[in-house]
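**Q** Mind having a look at this structure? Questions to follow.
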Amino acid sequence: MGKYVLQRIFYMALTLFIVISLTFFLMQLIPGSPFSTAAKLSDSQLAIMNAKYGLDQPLPVQYAMYMGNVLQGDLGVSFQFSNTPVTELIAGRIGPSLSLGLQAMIFGTIFGILLGIIAALRQNTWLDYGSTFVAVLGKSIPSFVFAAMLQYIIGVQLGWLPVAFWRGFEYSILPTIALSIFPISIAARFMRTEMIDVLGSDYITLAKAKGASGYEIAFKHAMRNALIPVVTVLGPLTVSLITGSLVVERVFAIPGLGEQFVTSINVLDYSVIMGTTILFASLFIFTVFVVDILYSIIDPRIRLSGGNN
Amino acid sequence: MRKFSFLLVLTLVASIFLAACYGGDSGSDDAGSDDAGSDDAGSDSAAQELRVMESSAIPVMDTIMASDTVSFTTMNNVMEGLYRVNANQEEVPALSDGEPEVSEDGKVYTFTIREDAVWSNGDPVTANDFVYAWQRALNPDSGSSYGPYLMEGKIAGASEVFNDGADPSTLGAKAIDEKTLEVTLEKPVAYFKSLMAFPTFFPQNQAFVEEQGEDYATSADTILYNGPFVLENWDGSTDGEWVYAKNEDYWDAENVALDKVTFNEVKDSQTAVNAYESGEADITTKLSSELVPQYEGDENMVSWLEPTVFWIKMNQTNEALQNENIRRALAMAIDKQSLTDNIFNNGSIPANYAVPKEFVQHPETGADFREANGDMLTYNVEEAQKFWQQGLEELGVDSLELRYLGGDSEAAKTSDEFIKDQLETNLEGLTITLESVPFSVRLERDTSLDYDLQMAGWGPDYLDPISFSDLWITDGGNNHMAYSSEEYDRLLEEAQTTYANDPVKRWETLQEAERVLLEEDAAIIPIYQRQSNILVNENVNDFTYHFVGPEYSFYPISMGE
């Protein structure tokens, strides 16, 4: 296990290095200037600005400088937010995205898994059809439609919850629901299929023969095995949820990372693009790692070892 | 219980994060509860609290570094320069104690600074505060772009300080004594007052800025204020919610009614309308086109023509576009009325001019700039077709293919499709290839002259027709279409030298220049002038917007029936 973990950490670092390098060079292929005022500046003014930010250097030099800084934990400064350090920009915006994403993830996973189990246990009844309907709906309605509907009906028409902004728990309820519809549908669908599969296997029949109760079979014997595929998809999904949903943040006017990342690409804010990519990639790589470790906890049949496989 | 362990761990971890997130942002929580209070008080007309939605967070609060509307707007409300633009779009003395003394040649201005003007730490505002800020704006190490952009060619010595590393003290801004500021210009600048109301020219307290160092202007506590309001709550450029409080030390505080203004960043126009409709905010962001028709005739919708004009640039490195008849034909073959009525439908109007309507007025008669020249290059299919045939004959071809460079937003694509259709339908033998690209790409291709036709727009930074006129001089920084007219260059030169101190002559010369550009040369195809529409609660009195730089002033506003 220890050897396996070490090996994985090496590969994780390598992956991250490749992601950073690729993003750096791909980004330079986008034509244009990161200065929003470029249209107003004269050529000599632009040249002085480029020199100040090191953009007049050849690409390999810029790359080497950037990598050197990254290793020292310096992600550079933003162009768009004139000289604000990228780490501050990310730190200032990740809070809402993180708490919203985690809320949606927890609510979505628990609710989705329950929905899937119920559907599997009561296969082909109205409960099953009902939960399948919810899952299909969640997968097929675009989130901007769902978010806008929630906001309009519950916020504007009924006035039960705040329409927008980010000022505390009650402000997070509608966006959480809007964001969790996706994990709900994914968890429910996977859970149902797996549960049905597992419930048909021999050891469940044995458990039944031994006289175990329906509750015991479902939650003690079946659920554990059925969870594995769900954990596989939920890991990466968590990352995409906590790094900010562009749509939900936009609709509910939440000052999160999603919008900031997209804007930074549009305005060619190089250092913000890089910084956010590094954050997303690290989280993603780390989550995949955690998921693999979780496997061995959930299913003792899976043994982790280095090499040879 | 082991099977639930991972869910448990997840929940625990999550709750730690959640507690941290909400707990850490106590400032926002406070604002939330305060706001609930103001909701209850909504019927009480005495509560002088306003809630506004802005299109972005505040990117920067260091005046010399700003280049965007939200920053400029905030600075205009919490800080102040020599002049301030009032609700009638006139520049009135602010930090300047009355009008300055101006030398006979119009190049030297001597300002006296108000005795009662103070910074929020109690320091008086001095002449040196201006000198310091302007020198800082021209230091290449600062990385200011608006500094060189607005000062070069206007303030004496600015170009040398920025480009050639001349000693900052050679800049034409001197503190004669504590309260006397002398500004020397390179040449007379007709719109100098308008510039002095622009945040890039605001003063900065040297001792404070140097003491704060890198932290200067990174949060509400690391800024000094000298305007009608102070920032009470702002955690830096990522903060999606910020609050103004009335500045009791402001020299004109007795004429400021609002006690508190709360701002929220809202990116989506529909969200802004929903928050407005449910009473969570008083002023929306600018409405997107599709929302405007549903508020048509609503007395809470405030609309104004922006001085922003959109036109199609014709690149004269293309041989066909060197032909004046071809250009004229293209310019007259687009039904702009139909474009603004049916495609935009937001109150924007067709533009048959290069300098916008309701923007600047005659220095003596007060007549709009537009009155002398009227409409030029108006839509006329028959005429257009005549010019087109003539042009094709001169070129010796019977068909033309042109590339059309446009934006990549949905709205831009729709209107570009419409224009393509108009041109191809009305001009036989013309094929247009649409190229929809992001803004930064369009700029790059504009600079490298890599296009035939290009949809572009211009919003001015100061209240003067020349902010539009000097775009088209030969090799001008924004010409980028190889247009060159000796006549046009001569008129612009005259306006800035011979008639620099003769406002009426200068005005007429600039009008003549516009006539040359459009009527004689058909150099660009003006398309439309944009209208802004926002919703303002009926309890908000004296809502004030501006045309250049800062967008709004909140000091004239009061709440009440």
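**Q** Quote the Stokes-Einstein diffusion coefficient, in whole µm² s⁻¹, for segment B:307-528, based on the Kirkwood radius over alpha carbon pairs, a temperature of 20 °C and a viscosity of 1.002 mPa s.
**A** 120
**Q** Enter the angle in degrees (range 0 to 90, nearest 10) between the Cα long axis of helix B:381-395 and the first principal axis of the Cα atoms of chain B, meaning the one along which they spread out most.
**A** Around 70 degrees separate the two axes.
**Q** State the three equivalent ellipsoid semi-axes of segment A:1-139, derived from the C-alpha gyration tensor as the square roots of 5 times its eigenvalues, in descending order and whole Å.
**A** 47, 23, 15
**Q** Right, something else. For the protein assembly as shown, take N as its residue count and report Rg(C-alpha) divided by 2.2 N^0.38 Å.
**A** Relative to the 2.2 N^0.38 Å estimate, the protein assembly as shown comes out at 1.07.
**Q** Restricting things to Cα coordinates, could you compute the convex hull volume per residue of segment B:36-154 in Å³? Before the final figure, lay out the partial values.
**A** On the way: hull volume 21.7 nm³, N = 119.
Once divided by residue count, the hull of segment B:36-154 is 183 Å³.
**Q** On a straight-distance basis, which lysines could pair with A:Lys210 in a cross-link, Cα separation under 29 angstrom, same-chain partners fewer than 8 positions away excluded?
**A** A:Lys220, B:Lys3
**Q** Using the Cα centre as the reference, give the magnitude of the dipole from point charges on the C-beta atoms of segment A:51-207 (Lys, Arg: +1; Asp, Glu: -1; all else neutral), rounded to the nearest 20 debye.
**A** 300
**Q** Still on this model: To test your reading of the geometry: what angle, between 0 and 90 degrees and rounded to tens, separates the Cα axis of helix A:43-52 from the longest principal axis of chain A?
**A** The angle comes out at about 60 degrees.
**Q** Given the convex hull of the Cα atoms of segment B:62-224, what is a quarter of its surface area in nm²?
**A** With the hull built on Cα positions only, its mean projection is 9.3 nm².
**Q** Right, next: Using a cut-off of 10 Å between beta-carbons, work out the net charge of the residues near A:Arg93 (Lys and Arg +1, Asp and Glu -1, A:Arg93 not included). If you can, show how the numbers build up before the last one.
**A** On the way: positive: none; negative: A:Glu88, A:Glu249, A:Glu259, B:Asp239.
Result for the neighbourhood of A:Arg93: -4.
**Q** If one takes the longest principal axis of the Cα atoms in chain B, at what angle in degrees, from 0 to 90 and to the nearest 10, does the Cα axis of helix B:503-515 lie?
**A** Helix B:503-515 sits roughly 50 degrees off the main axis of chain B.
**Q** Based on the alpha-carbon set only, what is the convex hull volume of chain B divided per residue, in Å³?
**A** Normalising the Cα hull of chain B by residue number yields 195 Å³.
**Q** Quick one: divide the alpha-carbon radius of gyration of chain A by 2.2 N^0.38 Å and tell me what you get. All intermediate terms of the calculation are to be shown ahead of the outcome.
**A** On the way: Rg = 24.0 Å, N = 309, 2.2 N^0.38 = 19.4 Å.
Rg over 2.2 N^0.38 Å, computed on Cα atoms: 1.23.
**Q** For segment A:242-294, what is the convex hull volume of its Cα atoms per residue in Å³?
**A** 77
**Q** I've got another one for you. Can you give the mean number of other chain Cβ atoms that lie within 10 Å of the Cβ atoms in peptide B:534-546?
**A** Across B:534-546, the average partner-chain Cβ count within 10 Å equals 0.
**Q** Under 14 Å from the Cβ of B:Arg442, count the other residues' Cβ atoms, weight Lys and Arg +1, Asp and Glu -1, and hand me the total.
**A** -3
**Q** Considering every residue in A:159-172, what mean count of other chain Cβ atoms within 10 Å of its Cβ is obtained?
**A** Going residue by residue through A:159-172 and averaging, the value is 6.
**Q** Express as a percent, rounded to the nearest 5, the fraction of DSSP beta bridges in chain B (both residues included) that run antiparallel.
**A** Rounded to the nearest five, the antiparallel share is 75 percent.
**Q** Per-residue mean of other chain beta-carbon atoms within 10 angstrom of the beta-carbon, peptide B:140-151? Display every interim value, and only then the final one.
**A** On the way: counts 5, 2, 3, 9, 3, 11, 3, 1, 9, 5, 1, 0.
The shielding value for this peptide is 4.
**Q** Counting other C-beta atoms within 10 Å, which of B:Val183, B:Val256, A:Val233 has the fewest, and how do the rest follow?
**A** On the way: B:Val183 26, B:Val256 20, A:Val233 15.
The fewest-first ordering by Cβ neighbours comes to A:Val233, B:Val256, B:Val183.
**Q** Which value in deg cm²/dmol, rounded to the nearest 500, describes the helix-derived mean residue ellipticity at 222 nm for chain B, given -39,500 (n - 2.57) per DSSP H run of n ≥ 4 and division by the residue count?
**A** Estimated from H runs of four or more residues: -9000 deg cm²/dmol.
**Q** State the Cα centre-to-centre distance between segment B:354-397 and segment A:53-100 in whole Å.
**A** If we compute the Cα centre of each part, the gap is 48 Å.
**Q** Shifting gears a bit: For segment B:307-528, give me the percentage of DSSP beta bridges that are antiparallel, rounded to the nearest 5 percent.
**A** 55
**Q** Using a cut-off of 14 Å between beta-carbons, work out the net charge of the residues near B:Glu254 (Lys and Arg +1, Asp and Glu -1, B:Glu254 not included).
**A** Net local charge, B:Glu254 excluded: -4.
**Q** Put +1 on the Cβ of each Lys and Arg and -1 on the Cβ of each Asp and Glu in segment A:87-264; which of A:His221, A:Thr87, A:Ile242 then has its Cα farthest toward the positive end of the dipole?
**A** Of the candidates, A:His221 comes out farthest on the positive side.
**Q** Okay, moving on. Cα centroids of segment A:153-194 and segment B:48-80: how far apart, whole angstrom?
**A** Rounded to whole Å, the Cα centres lie 32 Å apart.
**Q** Specify which residue in the list B:Ile334, B:Ala47, B:Ser532 is farthest towards the positive end of the charge dipole of chain B, using unit charges on the beta carbon of Lys, Arg (+1) and Asp, Glu (-1), about the Cα centre.
**A** Positive-end residue among those listed: B:Ile334.
**Q** Of B:Lys260/B:Lys286; B:Lys174/B:Lys260; A:Lys40/B:Lys260; B:Lys174/B:Lys505; A:Lys52/B:Lys107; A:Lys139/A:Lys208, which sit over 26 Å apart, Cα to Cα?
**A** Beyond 26 Å: B:Lys174/B:Lys260; A:Lys40/B:Lys260; B:Lys174/B:Lys505; A:Lys52/B:Lys107; A:Lys139/A:Lys208.
**Q** Sticking with this one: Semi-axes of the equivalent ellipsoid for segment A:87-264, please: Cα gyration tensor eigenvalues, times 5, square-rooted, ordered largest first, whole Å.
**A** Values: eigenvalues 256, 64, 30 Å².
Value: 36, 18, 12 Å, ordered largest first.
**Q** Restricting the count to DSSP beta bridges whose residues both fall in the protein assembly as shown, what percent are antiparallel, rounded to a multiple of 5?
**A** On the way: 51 of 67 bridges.
Expressed as a percentage, antiparallel bridges in the protein assembly as shown total about 75.
**Q** Hey, got the dipole for segment B:62-224? About the Cα centre, +1 on K and R Cβ, -1 on D and E Cβ, debye to the nearest 20?
**A** Here segment B:62-224 has a charge dipole of around 440 debye.
Each reported figure results from applying straightforward, stated rules to the coordinates on display, with no laboratory input. Please read these numbers as outputs of a predicted model, since none were measured by experiment. No Cβ is skipped: glycine too gets one built from the backbone with ideal geometry, and neighbour counts run over all protein chains shown.
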